[in-house]
Amino acid sequence: MPRFARALLALLSLSLLAPLATAQKFEDKRFGYELRLPKEWSQIPIKANEEYIIAKFLAKKTYFYTDPDLKITYEHKPELQVIAFLSEKYREDSVDAEEVKNEDGETVKIRFNLTNPYKDYEDFLKNTYSGGGFYIAEENESKAGNLKVTEYLVKVEKGANGPRRIVTWVFHTEDIDFAVQAECFESSWKELRSDITRTMKSFEEIERTEGSIVQDASTSGIVEIELGELTPEERMKRRQAREREAHQRAQAGLPEDWEVIEEDLFLVLNHADDKDADKLVEQGEAVFRWCEKTFPYLIDDTDYLRKPILRICKDWDELASFAFGGRESGWVPSIDMVTYKDTVGIGSWTYSNMTQRFCAWWLNEHDGDFLDAMPYWMRYGLEYNMLYAKHKGKKLELYPSDWEKVGLRQEIKDGVAATPKEIFLATEEFYDGENSRYAAAALMRYLLVGKGSKDKLTKNLVREYYLNMTAVIEEMDKEEGGESYKEPETEEEEAAMIKERSERLRQREKELMEAVFERTFAEWTDKEWDRFAKYYFKSIG
(Lines give C-alpha, C1' and ligand atoms only; values in the text may rest on other atoms or scores of the structure.)
Protein backbone atom coordinates (compact mmCIF):
# COMPACT_ATOMS: atom_id res chain seq x y z
CA MET A 1 0.00 0.00 0.00
CA PRO A 2 1.46 3.42 -0.92
CA ARG A 3 2.73 5.44 2.02
CA PHE A 4 0.42 8.41 1.31
CA ALA A 5 -2.57 6.04 1.30
CA ARG A 6 -1.53 4.73 4.69
CA ALA A 7 -1.32 8.21 6.06
CA LEU A 8 -4.79 9.03 4.74
CA LEU A 9 -6.21 5.82 6.21
CA ALA A 10 -4.59 6.59 9.54
CA LEU A 11 -6.13 10.07 9.60
CA LEU A 12 -9.55 8.68 8.78
CA SER A 13 -9.28 6.05 11.51
CA LEU A 14 -8.14 8.62 14.07
CA SER A 15 -11.11 10.84 13.33
CA LEU A 16 -13.40 8.02 14.44
CA LEU A 17 -11.68 7.45 17.77
CA ALA A 18 -12.20 9.24 21.07
CA PRO A 19 -8.73 10.23 22.35
CA LEU A 20 -8.03 10.98 25.99
CA ALA A 21 -8.48 14.63 26.81
CA THR A 22 -5.53 16.66 27.99
CA ALA A 23 -6.90 16.50 31.53
CA GLN A 24 -6.61 12.69 31.36
CA LYS A 25 -10.34 12.22 31.62
CA PHE A 26 -11.47 8.97 30.05
CA GLU A 27 -15.07 8.34 29.03
CA ASP A 28 -16.64 5.11 27.85
CA LYS A 29 -20.06 5.99 26.45
CA ARG A 30 -20.72 2.42 25.44
CA PHE A 31 -20.54 0.94 28.93
CA GLY A 32 -21.41 4.21 30.64
CA TYR A 33 -18.59 5.25 32.98
CA GLU A 34 -15.77 7.74 33.27
CA LEU A 35 -12.62 8.12 35.36
CA ARG A 36 -9.55 10.35 35.58
CA LEU A 37 -6.12 8.87 34.95
CA PRO A 38 -2.79 9.78 36.55
CA LYS A 39 -0.65 12.11 34.47
CA GLU A 40 1.39 10.52 31.70
CA TRP A 41 -0.63 7.31 31.67
CA SER A 42 -1.74 6.32 28.18
CA GLN A 43 -4.54 4.15 26.87
CA ILE A 44 -3.52 0.96 25.08
CA PRO A 45 -5.75 -1.19 22.85
CA ILE A 46 -7.22 -4.52 23.92
CA LYS A 47 -7.08 -7.77 21.96
CA ALA A 48 -9.90 -8.54 19.55
CA ASN A 49 -10.78 -11.72 21.46
CA GLU A 50 -10.44 -10.11 24.90
CA GLU A 51 -13.20 -11.18 27.27
CA TYR A 52 -14.59 -8.47 29.53
CA ILE A 53 -11.45 -6.37 29.85
CA ILE A 54 -12.93 -3.24 28.32
CA ALA A 55 -10.11 -0.71 28.84
CA LYS A 56 -6.36 -0.73 29.59
CA PHE A 57 -3.90 1.99 30.53
CA LEU A 58 -0.13 1.98 31.00
CA ALA A 59 2.15 4.30 32.95
CA LYS A 60 4.95 6.06 31.13
CA LYS A 61 7.48 5.56 33.94
CA THR A 62 9.26 2.23 34.40
CA TYR A 63 9.89 0.92 37.92
CA PHE A 64 12.57 -1.56 38.99
CA TYR A 65 12.83 -4.32 41.57
CA THR A 66 15.99 -6.28 42.46
CA ASP A 67 15.56 -9.73 43.95
CA PRO A 68 17.73 -9.79 47.11
CA ASP A 69 18.56 -13.48 46.74
CA LEU A 70 18.92 -13.92 42.99
CA LYS A 71 20.43 -10.46 42.44
CA ILE A 72 18.27 -10.13 39.33
CA THR A 73 16.64 -6.79 38.51
CA TYR A 74 13.13 -6.78 37.02
CA GLU A 75 11.32 -3.87 35.42
CA HIS A 76 7.62 -3.13 35.09
CA LYS A 77 5.33 -0.31 34.04
CA PRO A 78 2.27 0.01 36.30
CA GLU A 79 -0.97 -0.72 34.51
CA LEU A 80 -4.65 -0.17 35.08
CA GLN A 81 -7.53 -2.04 33.51
CA VAL A 82 -11.31 -1.99 33.69
CA ILE A 83 -13.16 -5.31 33.68
CA ALA A 84 -16.94 -5.52 33.22
CA PHE A 85 -19.04 -8.31 34.71
CA LEU A 86 -22.54 -8.32 33.24
CA SER A 87 -25.57 -9.26 35.30
CA GLU A 88 -27.96 -12.13 34.61
CA LYS A 89 -30.07 -9.65 32.66
CA TYR A 90 -27.64 -9.84 29.75
CA ARG A 91 -27.12 -13.57 30.05
CA GLU A 92 -30.82 -14.13 29.58
CA ASP A 93 -31.31 -11.66 26.74
CA SER A 94 -32.67 -13.49 23.73
CA VAL A 95 -31.11 -13.17 20.33
CA ASP A 96 -33.18 -13.90 17.24
CA ALA A 97 -32.29 -17.16 15.56
CA GLU A 98 -31.13 -17.02 11.96
CA GLU A 99 -32.28 -19.57 9.42
CA VAL A 100 -30.22 -20.71 6.44
CA LYS A 101 -30.42 -23.62 4.03
CA ASN A 102 -27.98 -26.51 3.95
CA GLU A 103 -26.86 -28.27 0.76
CA ASP A 104 -29.89 -30.59 0.95
CA GLY A 105 -32.31 -27.68 1.11
CA GLU A 106 -33.10 -28.26 4.79
CA THR A 107 -33.57 -25.35 7.15
CA VAL A 108 -30.68 -24.86 9.55
CA LYS A 109 -31.41 -22.80 12.66
CA ILE A 110 -28.64 -20.90 14.37
CA ARG A 111 -29.30 -20.03 18.00
CA PHE A 112 -27.08 -17.92 20.27
CA ASN A 113 -26.69 -18.56 23.99
CA LEU A 114 -25.02 -15.63 25.72
CA THR A 115 -22.50 -16.71 28.35
CA ASN A 116 -19.99 -14.93 30.58
CA PRO A 117 -16.40 -16.16 31.02
CA TYR A 118 -16.20 -15.17 34.72
CA LYS A 119 -18.82 -15.11 37.47
CA ASP A 120 -17.27 -12.19 39.32
CA TYR A 121 -13.96 -10.49 40.10
CA GLU A 122 -12.71 -13.23 42.41
CA ASP A 123 -13.38 -15.80 39.69
CA PHE A 124 -11.43 -13.56 37.29
CA LEU A 125 -8.48 -13.56 39.72
CA LYS A 126 -8.47 -17.33 40.05
CA ASN A 127 -8.39 -17.80 36.28
CA THR A 128 -5.91 -15.02 35.55
CA TYR A 129 -3.35 -15.21 38.36
CA SER A 130 -3.58 -18.91 39.24
CA GLY A 131 0.09 -19.47 38.40
CA GLY A 132 1.38 -16.49 40.32
CA GLY A 133 0.72 -17.45 43.95
CA PHE A 134 -1.84 -14.67 44.51
CA TYR A 135 -3.92 -14.21 47.62
CA ILE A 136 -6.50 -11.66 48.75
CA ALA A 137 -4.88 -9.77 51.62
CA GLU A 138 -7.79 -7.42 52.33
CA GLU A 139 -11.43 -7.07 51.29
CA ASN A 140 -13.59 -4.16 52.44
CA GLU A 141 -17.01 -2.75 51.60
CA SER A 142 -17.44 1.00 51.05
CA LYS A 143 -19.43 3.51 48.99
CA ALA A 144 -18.63 5.96 46.23
CA GLY A 145 -21.53 8.36 46.02
CA ASN A 146 -24.60 6.15 45.66
CA LEU A 147 -22.62 3.13 44.43
CA LYS A 148 -21.63 0.21 46.61
CA VAL A 149 -17.94 -0.62 46.29
CA THR A 150 -15.90 -3.70 47.20
CA GLU A 151 -12.23 -2.85 47.71
CA TYR A 152 -9.61 -5.59 47.23
CA LEU A 153 -5.93 -5.67 48.09
CA VAL A 154 -4.32 -8.61 46.30
CA LYS A 155 -0.71 -9.77 46.66
CA VAL A 156 1.17 -11.76 44.00
CA GLU A 157 4.45 -13.00 45.42
CA LYS A 158 5.49 -15.94 43.22
CA GLY A 159 6.21 -16.29 39.51
CA ALA A 160 5.57 -12.60 38.83
CA ASN A 161 9.12 -11.28 38.29
CA GLY A 162 8.98 -9.38 41.54
CA PRO A 163 6.31 -9.10 44.29
CA ARG A 164 3.22 -7.30 42.94
CA ARG A 165 0.44 -5.35 44.58
CA ILE A 166 -2.99 -5.33 42.94
CA VAL A 167 -5.48 -2.74 44.14
CA THR A 168 -9.01 -3.15 42.81
CA TRP A 169 -12.26 -1.33 43.44
CA VAL A 170 -15.38 -3.10 42.16
CA PHE A 171 -18.21 -0.65 41.53
CA HIS A 172 -21.61 -2.36 41.71
CA THR A 173 -24.00 -0.62 39.33
CA GLU A 174 -27.55 -1.73 38.58
CA ASP A 175 -26.63 -4.15 35.79
CA ILE A 176 -22.80 -4.22 35.56
CA ASP A 177 -20.01 -4.67 38.09
CA PHE A 178 -17.01 -2.57 37.01
CA ALA A 179 -13.66 -3.74 38.43
CA VAL A 180 -11.01 -1.02 38.18
CA GLN A 181 -7.72 -2.84 38.78
CA ALA A 182 -4.25 -1.32 39.21
CA GLU A 183 -1.09 -3.44 39.33
CA CYS A 184 2.45 -2.42 40.28
CA PHE A 185 5.53 -3.61 42.16
CA GLU A 186 4.95 -3.77 45.90
CA SER A 187 8.04 -1.60 46.32
CA SER A 188 6.63 1.18 44.10
CA TRP A 189 3.22 1.42 45.81
CA LYS A 190 4.28 4.19 48.16
CA GLU A 191 5.02 6.50 45.21
CA LEU A 192 1.93 5.51 43.24
CA ARG A 193 -0.62 5.29 46.04
CA SER A 194 -2.06 8.81 45.88
CA ASP A 195 -2.42 8.83 42.07
CA ILE A 196 -4.07 5.42 41.89
CA THR A 197 -6.40 6.14 44.81
CA ARG A 198 -7.43 9.41 43.16
CA THR A 199 -8.24 7.49 39.96
CA MET A 200 -10.36 4.98 41.86
CA LYS A 201 -12.33 7.73 43.55
CA SER A 202 -12.98 9.48 40.22
CA PHE A 203 -15.12 6.65 38.84
CA GLU A 204 -18.64 7.78 37.89
CA GLU A 205 -21.52 6.43 35.85
CA ILE A 206 -22.48 8.36 32.72
CA GLU A 207 -25.19 7.91 30.10
CA ARG A 208 -24.73 5.09 27.61
CA THR A 209 -25.02 6.55 24.16
CA GLU A 210 -22.82 4.38 21.92
CA GLY A 211 -23.01 0.79 20.74
CA SER A 212 -24.44 -2.37 22.24
CA ILE A 213 -23.21 -3.68 25.58
CA VAL A 214 -23.83 -7.33 24.72
CA GLN A 215 -22.00 -7.09 21.41
CA ASP A 216 -19.03 -5.14 22.67
CA ALA A 217 -18.69 -7.03 25.93
CA SER A 218 -17.83 -10.01 23.74
CA THR A 219 -20.29 -12.45 25.26
CA SER A 220 -19.71 -15.76 23.58
CA GLY A 221 -22.36 -16.75 21.05
CA ILE A 222 -22.66 -20.52 21.12
CA VAL A 223 -23.91 -21.74 17.77
CA GLU A 224 -26.20 -24.72 17.70
CA ILE A 225 -26.88 -26.26 14.30
CA GLU A 226 -30.15 -28.12 14.62
CA LEU A 227 -30.41 -29.72 11.16
CA GLY A 228 -27.54 -30.97 9.03
CA GLU A 229 -24.42 -29.03 8.10
CA LEU A 230 -23.99 -25.66 6.50
CA THR A 231 -23.08 -25.56 2.83
CA PRO A 232 -19.45 -24.62 2.00
CA GLU A 233 -20.72 -21.24 0.78
CA GLU A 234 -22.58 -20.57 4.04
CA ARG A 235 -19.56 -21.66 6.03
CA MET A 236 -17.41 -19.22 4.08
CA LYS A 237 -19.88 -16.41 4.78
CA ARG A 238 -19.75 -17.15 8.49
CA ARG A 239 -15.94 -17.11 8.49
CA GLN A 240 -16.03 -13.76 6.70
CA ALA A 241 -18.54 -12.47 9.26
CA ARG A 242 -16.27 -13.55 12.14
CA GLU A 243 -13.35 -11.87 10.42
CA ARG A 244 -15.29 -8.59 10.14
CA GLU A 245 -16.34 -8.84 13.78
CA ALA A 246 -12.77 -9.44 14.95
CA HIS A 247 -11.43 -6.54 12.86
CA GLN A 248 -14.13 -4.16 14.08
CA ARG A 249 -13.53 -5.09 17.70
CA ALA A 250 -9.78 -4.69 17.29
CA GLN A 251 -10.17 -1.15 15.94
CA ALA A 252 -12.90 -0.03 18.34
CA GLY A 253 -11.41 2.37 20.85
CA LEU A 254 -7.93 2.10 19.34
CA PRO A 255 -5.77 4.88 20.86
CA GLU A 256 -5.08 7.85 18.64
CA ASP A 257 -1.37 7.19 18.10
CA TRP A 258 -1.91 3.73 16.56
CA GLU A 259 -1.91 3.43 12.77
CA VAL A 260 -4.40 1.21 10.92
CA ILE A 261 -2.98 -0.39 7.76
CA GLU A 262 -5.11 -2.57 5.47
CA GLU A 263 -2.94 -5.06 3.59
CA ASP A 264 -4.04 -7.80 1.19
CA LEU A 265 -3.49 -10.58 3.73
CA PHE A 266 -3.34 -8.75 7.06
CA LEU A 267 -4.93 -6.00 9.12
CA VAL A 268 -2.02 -4.17 10.73
CA LEU A 269 -2.44 -2.11 13.91
CA ASN A 270 0.90 -0.39 14.24
CA HIS A 271 2.40 1.46 17.20
CA ALA A 272 5.95 1.19 15.87
CA ASP A 273 7.46 2.45 12.61
CA ASP A 274 6.16 1.91 9.08
CA LYS A 275 9.37 0.04 8.37
CA ASP A 276 8.55 -2.46 11.15
CA ALA A 277 5.08 -3.02 9.70
CA ASP A 278 6.48 -3.53 6.19
CA LYS A 279 8.98 -6.13 7.43
CA LEU A 280 6.37 -8.07 9.39
CA VAL A 281 3.90 -8.12 6.50
CA GLU A 282 6.64 -9.28 4.12
CA GLN A 283 7.55 -12.05 6.58
CA GLY A 284 3.93 -13.18 6.90
CA GLU A 285 3.38 -13.18 3.15
CA ALA A 286 6.52 -15.28 2.68
CA VAL A 287 5.27 -17.87 5.21
CA PHE A 288 1.80 -18.04 3.62
CA ARG A 289 3.37 -18.42 0.16
CA TRP A 290 5.61 -21.23 1.45
CA CYS A 291 2.61 -23.02 2.98
CA GLU A 292 0.66 -22.77 -0.29
CA LYS A 293 3.55 -24.26 -2.22
CA THR A 294 4.30 -26.95 0.36
CA PHE A 295 0.75 -28.05 1.20
CA PRO A 296 -1.35 -27.47 -1.96
CA TYR A 297 -3.48 -30.51 -1.12
CA LEU A 298 -4.85 -28.70 1.95
CA ILE A 299 -6.38 -25.94 -0.17
CA ASP A 300 -10.04 -26.21 -1.14
CA ASP A 301 -11.90 -23.91 -3.53
CA THR A 302 -14.29 -22.93 -0.74
CA ASP A 303 -11.54 -22.16 1.78
CA TYR A 304 -11.37 -18.61 3.04
CA LEU A 305 -8.13 -17.45 4.65
CA ARG A 306 -9.14 -14.80 7.14
CA LYS A 307 -6.86 -11.81 7.58
CA PRO A 308 -5.06 -12.06 10.90
CA ILE A 309 -4.66 -8.90 12.97
CA LEU A 310 -1.01 -7.93 13.40
CA ARG A 311 -0.60 -5.69 16.45
CA ILE A 312 2.86 -4.19 16.63
CA CYS A 313 3.51 -2.72 20.07
CA LYS A 314 6.16 -0.07 20.54
CA ASP A 315 8.04 -1.99 23.25
CA TRP A 316 8.07 -5.03 25.52
CA ASP A 317 6.03 -3.41 28.31
CA GLU A 318 3.21 -2.67 25.93
CA LEU A 319 3.32 -6.23 24.60
CA ALA A 320 3.25 -7.66 28.12
CA SER A 321 0.02 -5.79 28.84
CA PHE A 322 -1.78 -7.90 26.22
CA ALA A 323 -0.90 -11.23 27.81
CA PHE A 324 0.45 -11.95 31.26
CA GLY A 325 4.15 -12.59 30.76
CA GLY A 326 4.03 -11.08 27.27
CA ARG A 327 4.97 -14.08 25.18
CA GLU A 328 2.38 -16.22 23.47
CA SER A 329 2.88 -19.68 22.03
CA GLY A 330 3.86 -19.73 18.39
CA TRP A 331 1.94 -22.92 17.64
CA VAL A 332 -1.51 -21.89 18.90
CA PRO A 333 -3.55 -20.29 16.09
CA SER A 334 -5.07 -16.90 16.90
CA ILE A 335 -6.53 -14.26 14.63
CA ASP A 336 -5.06 -11.55 16.90
CA MET A 337 -1.26 -11.78 16.71
CA VAL A 338 0.54 -9.45 19.08
CA THR A 339 4.22 -8.64 18.78
CA TYR A 340 6.48 -5.64 19.37
CA LYS A 341 9.14 -3.53 17.68
CA ASP A 342 12.00 -5.95 17.20
CA THR A 343 15.42 -4.32 17.40
CA VAL A 344 17.27 -7.55 16.51
CA GLY A 345 15.51 -8.65 13.33
CA ILE A 346 15.81 -11.96 11.47
CA GLY A 347 16.91 -14.71 13.86
CA SER A 348 15.50 -13.16 17.03
CA TRP A 349 12.97 -14.87 19.30
CA THR A 350 10.31 -12.39 18.18
CA TYR A 351 10.95 -13.10 14.50
CA SER A 352 10.90 -16.89 15.00
CA ASN A 353 7.75 -16.74 17.12
CA MET A 354 5.87 -14.83 14.43
CA THR A 355 7.04 -17.24 11.72
CA GLN A 356 5.57 -20.10 13.76
CA ARG A 357 2.32 -18.23 14.30
CA PHE A 358 1.90 -17.42 10.61
CA CYS A 359 2.40 -21.08 9.73
CA ALA A 360 0.00 -22.34 12.44
CA TRP A 361 -2.66 -19.84 11.34
CA TRP A 362 -2.46 -20.90 7.68
CA LEU A 363 -2.70 -24.60 8.61
CA ASN A 364 -5.62 -24.02 10.98
CA GLU A 365 -7.54 -22.03 8.38
CA HIS A 366 -7.22 -24.75 5.76
CA ASP A 367 -7.51 -27.87 7.92
CA GLY A 368 -7.76 -27.45 11.68
CA ASP A 369 -8.09 -31.20 12.23
CA PHE A 370 -4.78 -31.73 10.45
CA LEU A 371 -3.09 -29.19 12.71
CA ASP A 372 -4.50 -30.78 15.87
CA ALA A 373 -4.02 -34.41 14.85
CA MET A 374 -0.44 -34.04 13.63
CA PRO A 375 1.80 -36.77 15.03
CA TYR A 376 4.66 -35.52 17.15
CA TRP A 377 7.27 -35.97 14.44
CA MET A 378 5.31 -33.78 12.06
CA ARG A 379 4.29 -31.14 14.60
CA TYR A 380 7.76 -30.67 16.07
CA GLY A 381 9.26 -31.03 12.62
CA LEU A 382 7.30 -28.03 11.37
CA GLU A 383 7.44 -26.04 14.59
CA TYR A 384 11.23 -26.25 14.92
CA ASN A 385 11.80 -25.61 11.22
CA MET A 386 9.83 -22.39 11.59
CA LEU A 387 12.11 -21.45 14.49
CA TYR A 388 15.12 -21.33 12.18
CA ALA A 389 13.41 -20.32 8.93
CA LYS A 390 14.36 -17.01 7.35
CA HIS A 391 12.72 -15.08 4.56
CA LYS A 392 14.51 -13.33 1.76
CA GLY A 393 12.10 -11.04 -0.01
CA LYS A 394 9.06 -13.13 -0.93
CA LYS A 395 10.73 -16.48 -0.29
CA LEU A 396 10.94 -18.45 2.97
CA GLU A 397 13.90 -20.78 3.37
CA LEU A 398 14.43 -23.51 5.97
CA TYR A 399 17.77 -23.88 7.77
CA PRO A 400 19.17 -26.47 10.20
CA SER A 401 19.68 -25.62 13.85
CA ASP A 402 23.15 -25.42 15.36
CA TRP A 403 22.54 -28.71 17.17
CA GLU A 404 21.81 -30.48 13.89
CA LYS A 405 25.10 -29.26 12.47
CA VAL A 406 27.05 -30.73 15.41
CA GLY A 407 25.00 -32.93 17.73
CA LEU A 408 22.96 -34.87 15.17
CA ARG A 409 26.00 -35.41 12.97
CA GLN A 410 27.86 -36.83 15.95
CA GLU A 411 24.96 -39.15 16.81
CA ILE A 412 24.97 -40.44 13.24
CA LYS A 413 28.72 -41.10 13.42
CA ASP A 414 28.25 -42.88 16.76
CA GLY A 415 25.43 -44.98 15.34
CA VAL A 416 22.88 -43.83 17.94
CA ALA A 417 20.77 -41.42 15.87
CA ALA A 418 17.07 -42.25 15.58
CA THR A 419 16.12 -43.68 12.20
CA PRO A 420 13.14 -42.28 10.23
CA LYS A 421 11.07 -45.31 11.24
CA GLU A 422 11.85 -44.75 14.92
CA ILE A 423 10.98 -41.05 14.60
CA PHE A 424 7.65 -41.87 12.94
CA LEU A 425 6.66 -44.28 15.72
CA ALA A 426 8.08 -42.33 18.67
CA THR A 427 5.69 -41.43 21.50
CA GLU A 428 5.48 -38.22 23.51
CA GLU A 429 8.24 -39.29 25.92
CA PHE A 430 10.76 -39.41 23.08
CA TYR A 431 10.08 -35.76 22.29
CA ASP A 432 10.54 -34.58 25.86
CA GLY A 433 14.16 -34.01 24.92
CA GLU A 434 14.99 -30.94 22.85
CA ASN A 435 17.39 -32.90 20.64
CA SER A 436 14.63 -35.29 19.59
CA ARG A 437 12.60 -32.34 18.33
CA TYR A 438 15.55 -31.13 16.29
CA ALA A 439 15.83 -34.63 14.81
CA ALA A 440 12.17 -34.43 13.78
CA ALA A 441 12.88 -31.04 12.20
CA ALA A 442 15.77 -32.49 10.20
CA LEU A 443 13.57 -35.33 8.92
CA MET A 444 10.70 -32.98 8.05
CA ARG A 445 13.01 -30.65 6.15
CA TYR A 446 14.51 -33.61 4.25
CA LEU A 447 11.02 -34.68 3.15
CA LEU A 448 9.65 -31.24 2.32
CA VAL A 449 12.52 -29.35 0.69
CA GLY A 450 15.58 -31.61 0.88
CA LYS A 451 16.69 -34.51 -1.27
CA GLY A 452 13.84 -36.59 0.10
CA SER A 453 11.39 -34.32 -1.73
CA LYS A 454 12.87 -35.51 -5.03
CA ASP A 455 13.55 -39.16 -4.22
CA LYS A 456 11.05 -41.53 -5.81
CA LEU A 457 10.54 -43.40 -2.56
CA THR A 458 9.75 -40.39 -0.34
CA LYS A 459 8.82 -37.41 -2.51
CA ASN A 460 5.07 -37.76 -1.86
CA LEU A 461 5.37 -39.22 1.63
CA VAL A 462 4.03 -36.22 3.62
CA ARG A 463 1.04 -35.91 1.27
CA GLU A 464 0.27 -39.65 1.51
CA TYR A 465 0.56 -39.51 5.28
CA TYR A 466 -1.84 -36.57 5.40
CA LEU A 467 -4.43 -38.26 3.18
CA ASN A 468 -4.24 -41.47 5.22
CA MET A 469 -4.52 -39.56 8.47
CA THR A 470 -7.61 -37.72 7.21
CA ALA A 471 -9.22 -41.02 6.19
CA VAL A 472 -8.47 -42.68 9.54
CA ILE A 473 -9.90 -39.72 11.49
CA GLU A 474 -13.12 -39.88 9.45
CA GLU A 475 -13.40 -43.59 10.11
CA MET A 476 -12.85 -43.10 13.84
CA ASP A 477 -15.52 -40.40 13.90
CA LYS A 478 -18.01 -42.75 12.25
CA GLU A 479 -17.20 -45.50 14.73
CA GLU A 480 -17.81 -43.10 17.60
CA GLY A 481 -21.02 -41.83 16.03
CA GLY A 482 -19.34 -38.45 15.62
CA GLU A 483 -21.46 -35.31 15.63
CA SER A 484 -21.79 -33.18 12.54
CA TYR A 485 -19.49 -30.20 12.33
CA LYS A 486 -20.79 -27.12 14.10
CA GLU A 487 -19.45 -23.92 12.61
CA PRO A 488 -18.39 -21.53 15.42
CA GLU A 489 -19.88 -18.04 15.29
CA THR A 490 -17.44 -16.12 17.47
CA GLU A 491 -13.71 -16.14 18.16
CA GLU A 492 -14.39 -17.24 21.74
CA GLU A 493 -16.38 -20.26 20.61
CA GLU A 494 -13.82 -21.08 17.96
CA ALA A 495 -11.04 -21.09 20.59
CA ALA A 496 -13.09 -23.42 22.80
CA MET A 497 -13.81 -25.70 19.85
CA ILE A 498 -10.12 -25.85 18.89
CA LYS A 499 -9.18 -26.78 22.47
CA GLU A 500 -11.86 -29.48 22.72
CA ARG A 501 -10.97 -30.89 19.30
CA SER A 502 -7.26 -30.99 20.16
CA GLU A 503 -7.86 -32.75 23.49
CA ARG A 504 -10.13 -35.32 21.86
CA LEU A 505 -7.58 -36.14 19.17
CA ARG A 506 -4.71 -36.32 21.65
CA GLN A 507 -6.61 -38.85 23.77
CA ARG A 508 -6.55 -41.30 20.89
CA GLU A 509 -3.20 -40.28 19.40
CA LYS A 510 -1.48 -43.66 19.86
CA GLU A 511 -4.29 -45.48 18.09
CA LEU A 512 -4.31 -42.87 15.35
CA MET A 513 -0.52 -42.92 14.91
CA GLU A 514 -0.36 -46.71 14.59
CA ALA A 515 -3.31 -46.86 12.18
CA VAL A 516 -1.89 -44.16 9.89
CA PHE A 517 1.60 -45.68 10.00
CA GLU A 518 0.24 -49.09 9.02
CA ARG A 519 -1.79 -47.64 6.15
CA THR A 520 1.12 -45.54 4.86
CA PHE A 521 3.95 -48.06 5.14
CA ALA A 522 2.18 -51.43 4.91
CA GLU A 523 3.98 -52.41 1.71
CA TRP A 524 7.41 -51.07 2.63
CA THR A 525 10.23 -53.63 2.81
CA ASP A 526 13.20 -53.63 5.17
CA LYS A 527 15.36 -52.81 2.18
CA GLU A 528 13.33 -49.64 1.50
CA TRP A 529 13.52 -48.56 5.14
CA ASP A 530 17.30 -49.07 5.10
CA ARG A 531 17.57 -47.04 1.91
CA PHE A 532 15.46 -44.26 3.42
CA ALA A 533 17.65 -44.11 6.55
CA LYS A 534 20.85 -44.19 4.50
CA TYR A 535 19.97 -41.21 2.31
CA TYR A 536 18.42 -39.27 5.19
CA PHE A 537 21.57 -39.63 7.32
CA LYS A 538 23.73 -38.80 4.33
CA SER A 539 21.83 -35.53 3.83
CA ILE A 540 22.77 -34.42 7.37
CA GLY A 541 26.44 -34.62 6.45
Check: Is one or more of the residues making up region 467-482 surrounded by 17 or more Cβ atoms within 10 Å (Cβ to Cβ) and at pLDDT below 75?
Finding: no
Notebook entry, point to check: Which one is nearest to the chain's Cα centre (by Cα), of the residues in region 442-471 that are in a loop (DSSP other than H, G, I, E, B) and under 18 Å from MET386 (Cα atoms)?
Noted result: VAL449
Notebook entry, point to check: Tally time: how many residues in region 239-257 are closer than 14 Å to ASP336 by Cβ and over 20 Å from the mean Cα position of the chain (by Cα)?
Noted result: 0
Notebook entry, point to check: Does GLU503 satisfy the condition of being assigned to a helix (DSSP H, G or I) and at pLDDT 90 or above?
Noted result: no
Notebook entry, point to check: Looking only at region 398-414, which residues are without any contact (Cβ under 8 Å) to a residue 12 or more places away in the chain and in contact with a Lys or Arg (Cβ under 8 Å, 6 or more places away or on another chain)?
Noted result: TYR399
Notebook entry, point to check: Which fully enclosed strands (runs of 3 or more DSSP E) of region 35-83 have 1 or more residues being aliphatic (A, V, I, L, M)?
Noted result: 41-44, 53-59
Next item on the list: Report, ordered by the first and then the second residue, all pairs with beta carbons closer than 9 Å, sequence separation of six or more or different chains, a first member in region 519-541 that is at positive phi, and a second member that is β-branched (Val, Ile, Thr) and part of a helix (DSSP H, G or I).
Entry: GLY541/ILE412
Checklist line | Options THR350, THR339; residue that is in contact with a strand residue (DSSP E or B) (Cβ under 8 Å, 6 or more places away or on another chain), modelled with pLDDT of 90 or more, surrounded by fewer than 23 Cβ atoms within 10 Å (Cβ to Cβ) and farther than 20 Å from GLU292 by Cβ | finding: THR339
Next item on the list: Would you be able to tell me the number of residues in region 193-208 that are of a type in the set (Asp, Glu), under 16 Å from PHE178 (Cβ atoms) and either surrounded by 13 or more Cβ atoms within 10 Å (Cβ to Cβ) or touching a Phe, Trp or Tyr at 6+ places or on another chain (Cβ under 7 Å) (or both)?
Entry: 2
Next item on the list: Determine, yes or no, whether LEU387 is at pLDDT 90 or above, surrounded by fewer than 22 Cβ atoms within 10 Å (Cβ to Cβ), of a type outside the set (Phe, Trp, Tyr) and over 21 Å from VAL472 (Cα atoms).
Entry: yes
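To keep it simple, each residue is scored yes or no on (1) in the same structural domain as ARG519 (by TED's automatic domain parsing); (2) of a type in the set (Lys, Arg); (3) within 18 Å of GLU292 (Cα to Cα); (4) in contact (Cβ under 8 Å) with a residue 12 or more places away in the chain.
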residue: VAL416; (1), (2), (3), (4): yes, no, no, no
residue: PRO420; (1), (2), (3), (4): yes, no, no, yes
residue: GLU429; (1), (2), (3), (4): yes, no, no, no
residue: ARG437; (1), (2), (3), (4): yes, yes, no, yes
residue: ASP455; (1), (2), (3), (4): yes, no, no, yes
residue: ALA471; (1), (2), (3), (4): yes, no, no, yes
Next item on the list: Could you check VAL268 against (1) in a strand (DSSP E or B); (2) aliphatic (A, V, I, L, M); (3) surrounded by fewer than 20 Cβ atoms within 10 Å (Cβ to Cβ) and say which number it fails?
Entry: (3)
Item checked: Which numbered condition ARG111 fails, given (1) modelled with pLDDT of 80 or more; (2) surrounded by 12 or more Cβ atoms within 10 Å (Cβ to Cβ); (3) more than 28 Å from PRO308 (Cβ to Cβ); (4) not hydroxyl-bearing (Ser, Thr, Tyr) -> (1)
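The values are calculated or read from the model by the stated rules, or taken from the named source; none is laboratory data. The structure presented is a predicted model; accordingly, all values stated were derived computationally and were not measured. Here the Cβ is made from the backbone with ideal geometry for all residues, glycine too, and neighbour counts use every protein chain on show.
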